[in-house]
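The values are calculated or read from the model by the stated rules, or taken from the named source; none is laboratory data. This is a predicted model, so every value here is computed, not measured. We place every Cβ from the backbone using ideal geometry, glycine too, and count neighbours over all the protein chains shown. Ligands, DNA and RNA are stripped out before the accessible areas are found, and what is left, the full protein with its side chains, is counted by its heavy atoms. Shrake-Rupley method; radii C 1.70, N 1.55, O 1.52, S 1.80 Å.
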Amino acid sequence: MKDDRPEWQTSPCPGWCTMTHTDEDFPDDRIHRPGQELAAVLLTTNDPIRGERPERGFEPLVLSVDLEQHARETMPRILLGARNSPGYNLTAPEAVLLGRALLAAGQLADIST
């Protein structure tokens, strides 16, 4: 059976990876990723930020959650950040802990439940 993986890829993609990998991928681009970012949350109470294009002025802040794993990494990273910010790289246990804390705080603050 022929293995269709590129020469640089030593193990199969994680089940969540939807990328097409080739032998021509640059080393920095050898990343496993889902097709789209996992979430983009509009933060309505934050001050707007200057947009990527000056002519557009200010834009609302959007917090994004994504997942990636470089071919040389043994574990995936959960990426948490906003445009024009450095962001955070979380391990799976860190993301679960943060998610639980956010859920608990949101439920505590939600007076409708």
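Among the residues of the stretch 57-100, what is the count of those that are in a helix (DSSP H, G or I), of a type in the set (D, E, K, R) and either in contact with a strand residue (DSSP E or B) (Cβ under 9 Å, 6 or more places away or on another chain) or closer than 29 Å to Thr20 by Cβ (or both)?
1
If I filter the stretch 31-78 down to residues being open to solvent by less than 100 Å² (accessible area, probe 1.4 Å) and of a type in the set (Lys, Arg), which single residue comes out as farthest from Thr91 (Cα to Cα)?
Arg33
Regarding Cys17, is this residue open to solvent by 40 Å² or more (accessible area, probe 1.4 Å), in a loop (DSSP other than H, G, I, E, B) and hydrophobic (A, V, I, L, M, F, W, C)?
Spelling it out, it is not the case that Cys17 is open to solvent by 40 Å² or more (accessible area, probe 1.4 Å), in a loop (DSSP other than H, G, I, E, B) and hydrophobic (A, V, I, L, M, F, W, C).
Give me the pairs, please: first residue somewhere in the stretch 71-93 and touching a residue at least 40 places away in the same chain (Cβ under 8 Å), second residue anywhere and of a type outside the set (A, V, I, L, M) and open to solvent by less than 60 Å² (accessible area, probe 1.4 Å), beta-carbon distance under 7 Å, and either six or more positions apart or on two chains.
If the second residue must be of a type outside the set (A, V, I, L, M) and open to solvent by less than 60 Å² (accessible area, probe 1.4 Å), the pairs left are Ala71/Trp8; Ala71/Gln9; Ala71/Arg30; Pro76/Pro14; Pro76/Glu68; Pro76/Gln69.
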